[in-house]
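The values are calculated or read from the model by the stated rules, or taken from the named source; none is laboratory data. Values in this document were obtained by computation on a predicted structure and should not be read as measured data. When we count neighbours, we look across all protein chains shown, and the Cβ atoms used for this are built from the backbone with ideal geometry, even at glycine. Note: areas computed on protein heavy atoms with side chains; ligands, DNA, RNA excluded. Shrake-Rupley method; radii C 1.70, N 1.55, O 1.52, S 1.80 Å.
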Amino acid sequence: MEQKPFLIAGPCSAETEKQVLDTAKSLKELQPDYFRAGIWKPRTRPGEFEGAGNAGLLWLQKVQSEVGLKVATEVAKPEHVEAALKAGIDMLWIGARTTTNPFSVQELAESLTGVDVPIMVKNPVNPDLKLWIGAIERMQKCNVRSISAIHRGFSVYEKIRFRNNPNWQIPIDLKHEMPELQLICDPSHIGGRTAILFEIAQKAMDLKFEGLMLETHISPSEAWTDAKQQITAVQLVDLLQKLKIRNHKEIEEAEIISFRSSLSVIDDSIIQLLHERMKVSATIGNYKKTHNLAVLQSNQWEESLRKNVQKAMISELSEEFSTTLFKLIHQESIHIQSTILNSLDQHEND
Ligand code: PEP
Ligand code: MN
């Protein structure tokens, strides 16, 4: 990649002074725009590491003074804002769980009134664009001057490829409603695993996001939080180098390739289903032979054709297409069953 996007990198959590400083030093050459580290960690369940608290602020100050990077952390309460500002933290973000709660967002916005520090608002955990916009508006109403939005995906109960479903349409709609807003993608929390970080970051670039937040750790496998999704500084450099800022035509071509690969996955399923269906036809053929039944039972076939075409039409397939398709499938079934009956007859005649 020729020019790098606005970049925030650093560990999910500040764990120890050494881990924070070693990670920051590993990023020094890359010079991200901000070094991130969570100090107050919103854990889903109690009893897990909840962050280093105020001690972590001192470590971030060392990142500023010893490594020369600007620093950012998550705030969830006015006390956090107060402590972070007192410590001279350069940028603050509101986490996804906090954005869901207008009371918390309002308190935070009020604690930021008249303060000249950039704020990033992560999307709420649930796919609710209005809640995200509402949180940003609360900041604007309290005169927070520099506001960005971070897209970190949305929770779903079902197991999917992503830790948090990207629902790309939501950040696109946000940008449409608030075009002046800087949009940053957080592939780490969307992906939840390192193997798909690049793909998500590239998609964000193709959708013209302005920046990326990527969790980076000196030793990812030993991370106290979000170990599966963190990468080393070396891996981050590699990811950024592979990123392409594509022009409009290249984006369209990439989209078409991705649509084609979806089609081929669906075609594979169609082949597999037809295979299963023909196996059942063969079983029926054997049964008919044993019980001396005719291959073609026309009443039953006409009724099933009618029902299938009706169902297909509800799924917006044309009558002509679905009639032709089911007739073809039926013809093949009859062919398979006749072959079975003939081969058995042959055997009987032997
Ligand atoms: C984080 O950035 O480490 C974090 C807790 O993120 P989110 O609020 O998106 O879950
Ligand atoms: Mn994290």
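Would you check which residues across region 31-46 are in contact with a Leu (Cβ under 7 Å, 6 or more places away or on another chain) and of a type in the set (A, V, I, L, M, F, W, C) and list them?
Passing the criteria: Phe35, Ala37, Ile39.
Kindly evaluate Ile172 against the criterion of being open to solvent by 60 Å² or more (accessible area, probe 1.4 Å), assigned to a loop (DSSP other than H, G, I, E, B) and under 26 Å from Ser258 (Cβ atoms).
No, not satisfied.
Could you tell me whether any residue of region 132-154 is open to solvent by 40 Å² or more (accessible area, probe 1.4 Å), closer than 23 Å to Phe198 by Cα and out of contact with any Gly (no Cβ under 6 Å at 6 or more places or on another chain)?
no
Condition (residue is free of Cβ contacts under 8 Å to residues at least 60 places away in the same chain and either assigned to a loop (DSSP other than H, G, I, E, B) or farther than 30 Å from Ile200 by Cα (or both)) applied to region 244-256: is it met by at least one residue?
There is at least one residue in region 244-256 that is free of Cβ contacts under 8 Å to residues at least 60 places away in the same chain and either assigned to a loop (DSSP other than H, G, I, E, B) or farther than 30 Å from Ile200 by Cα (or both).
Mind listing whichever residues of region 22-48 are more than 15 Å from Leu92 (Cα to Cα) and at pLDDT 95 or above?
Selection gives Asp22, Thr23, Ala24, Lys25, Ser26, Leu27, Lys28, Glu29, Leu30, Gln31, Pro32.
Going by what's in this entry, would Lys41 be described as touching a residue at least 24 places away in the same chain (Cβ under 8 Å), within 24 Å of the chain's Cα centre (by Cα) and either away from ligand 2 (no atom under 16 Å from the Cβ) or in a loop (DSSP other than H, G, I, E, B) (or both)?
Numbers: touching a residue at least 24 places away in the same chain (Cβ under 8 Å): yes; within 24 Å of the chain's Cα centre (by Cα): yes; either away from ligand 2 (no atom under 16 Å from the Cβ) or in a loop (DSSP other than H, G, I, E, B) (or both): yes.
In short, yes.
If I filter region 67-92 down to residues being acidic (Asp, Glu) and surrounded by 15 or more Cβ atoms within 10 Å (Cβ to Cβ), which single residue comes out as nearest to Gly51 (Cα to Cα)?
Among residues in region 67-92 that are acidic (Asp, Glu) and surrounded by 15 or more Cβ atoms within 10 Å (Cβ to Cβ), the one nearest to Gly51 (Cα to Cα) is Glu74.
Name the single residue that is nearest to Pro46 (Cα to Cα) among those in region 223-244 being within 15 Å of ligand 2 (Cβ to nearest atom) and among the charged types (D, E, K, R).
Looking at residues that are within 15 Å of ligand 2 (Cβ to nearest atom) and among the charged types (D, E, K, R), I get Asp226.
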